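A short reminder: the numbers here are calculations on the coordinates, not readings from a lab. Since the model is a prediction, treat every value here as computed from it, not as a measurement. Heads up, the Cβs are rebuilt from the backbone with ideal geometry, glycines too, and the neighbour counts pull from every protein chain shown.
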Amino acid sequence: MRDKPKVVVVMPAYNAAKTLHMTYADLPHEMVDLVILVDDGSKDETARIARGLGTKWSVHDTRYGYGANQKTCSRKPLKAGADIIVILHADQQYDPTLLPQIIKPIPANKADVALGSRLLGADPLAQGMPWWKYYANRFLTWLENETFGLKLAEYHTGYRAFNRQALESVNLQMNSDAFIFDQEIMAQVVQVKMRIAEIPVPTRYFAQASSASFGQSLVYGLSILSVLARFLMHRWGLRRQLQFESLERRYSGAAPDPPPSKAHIKS
């Protein structure tokens with residue numbers, strides 16, 4: 001990583017016209033080299049507002065899903081030469097001003113991935129998190145900790161930072177286009193032994209902030225069980241899962257390509 005790492009903030013968005021300008025304005029721009037917005041086929045003015053703000057932007061031609069949006073959000077900063085990639089939802093549910101704290105462990109070489117946890121610090125229920133989401137979050141986090149052998153406070157946050165190596169090491173394209181993408185990438189970074197740090201962030205729920213319905217949350221919870229089962233089968237050697245194999249290390253044991261013979265060298 002360079003002495004001054006290139007920090008790129010990428011904002012996944014869907015119908016975020018009412019909050020996008022606030023999210024962008026609250027960013028500590030002196031610490032950010034580039035802001036990229038990825039619009040997953042919004043029906044409102046999200047793309048027009050992004051153009052007016054001067055961000056780089058990418059617009060899906062239709063709504064492909066949260067995970068598909070996150071895949072684009074991961075590719076774009078890497079192509080832009082980012083050293084640190086911050087995923088920040090455009091709906092103001094997470095505080096943009098906390099970006100310095102979110103990224104701090106990465107250039108300090110204390111973590112490869114940093115998570116903004118709503119379950120550290122102040123009481124999430126008092127801050128407005130629905131009770132059923134709180135208890136589901138706690139249960140699923142406990143289950144993931146037992147599976148991964150970690151002691152994190154929360155896995156289900158949309159405020160994340162990655163160093164470049166973390167995103168280049170995992171097979172993002174094999175992940176789902178649905179909400180479960182976030183937990184698949186967590187399983188992947190755990191499998192390739194990336195270091196994970198957590199930073200307390202406040203819980204913010206309000207009318208304009210996006211929030212999954214009870215039905216969507218139920219499907220999400222059941223999908224997590226499937227991810228954990230596949231992760232354990234891979235770890236125990238019962239069934240190989242390409243999804244959890246490191247792209248970076250896949251060819252580490254291969255011999256280098258031989259130099260071309262003189263017969264194939266053109267002058």
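The slack in the chain from residue 109 to residue 26, taken as 0.36 nm per residue of separation less the alpha-carbon distance, amounts to 27.2 nm. Whole-percent P(r), region 126-251, all Cα pairs, 5 Å bins from 0: 2, 9, 19, 23, 21, 14, 7, 3, 1, 0. What translational D, rounded to a whole number of µm²/s, comes out for region 73-187 from Stokes-Einstein when the hydrodynamic radius is the Kirkwood one over Cα pairs, at 10 °C and 1.306 mPa s? Estimated diffusion coefficient is 104 µm²/s.
Of the cross-linked pairs 76/110; 104/193; 110/151; 6/193; 76/151, those separated by over 28 Å at the C-alpha level are 76/151. Summarising the amide proton neighbourhood of residue 170: residues at separation of 5 or more, or on other chains, whose placed amide H is nearer than 5 Å comprise 247. Computed over neighbours whose Cβ is under 14 Å from that of residue 133, the net charge equals +1, Lys and Arg +1, Asp and Glu -1. Work out which helices of the chain, taken as complete DSSP H runs, extend at least 24 Å along their axis over the Cα atoms and score a mean Kyte-Doolittle of 1.6 or more, then list them. For the chain, where a helix must reach 24 Å along its axis and average at least 1.6, there are no hits. In order along region 160-175, phi translates into HN-Hα couplings of 9, 10, 10, 7, 4, 4, 4, 6, 6, 8, 10, 8, 4, 5, 8, 7 Hz, rounded to whole numbers, per the Karplus curve 6.51 cos²θ - 1.76 cosθ + 1.60 with θ = phi - 60° and x for Gly and Pro. If R0 equals 41 Å, the separation of the Cβ atoms of residue 127 and residue 226 corresponds to a calculated FRET efficiency of about 0.85. Have a look at 86, 59, 38 and tell me which one the Gaussian network model of the chain (Cα, springs below 10 Å) gives the largest fluctuation. The residue with the greatest mean-square fluctuation here is 59. With a ≥ b ≥ c taken as the square roots of the eigenvalues of the C-alpha gyration tensor of region 11-82, please select rounded if a/c is under 1.5 and otherwise prolate if a/b is larger than b/c or oblate if it is not? Oblate, because a/c is 1.5 or more while a/b does not exceed b/c.
For region 149-240, relative contact order (Cα pairs under 8 Å, six or more residues apart, normalised by length) works out to 28 percent. Shape descriptor for region 1-153: Rg over Rh equals 0.98 (Cα atoms; Rh from the Kirkwood inverse mean 1/r). Taking the Cβ of residue 145 as the center, what net charge do the other residues with Cβ under 13 Å away carry, scoring Lys and Arg +1 and Asp and Glu -1? Net charge around residue 145: -2. Helical runs (DSSP H, four residues minimum) scored at -39500 (n - 2.57) apiece and divided by the length of the chain put the mean residue ellipticity at 222 nm at -10500 deg cm²/dmol. Based on alpha-carbon atoms, the Kirkwood radius and the radius of gyration of the chain give Rg/Rh equal to 1.00.
Legend: Rg and Dmax of region 60-119, from Cα coordinates, 13.2, 39 Å. For region 106-160, the equivalent ellipsoid derived from the alpha-carbon gyration tensor has semi-axes of 22, 15, 8 Å in decreasing order.
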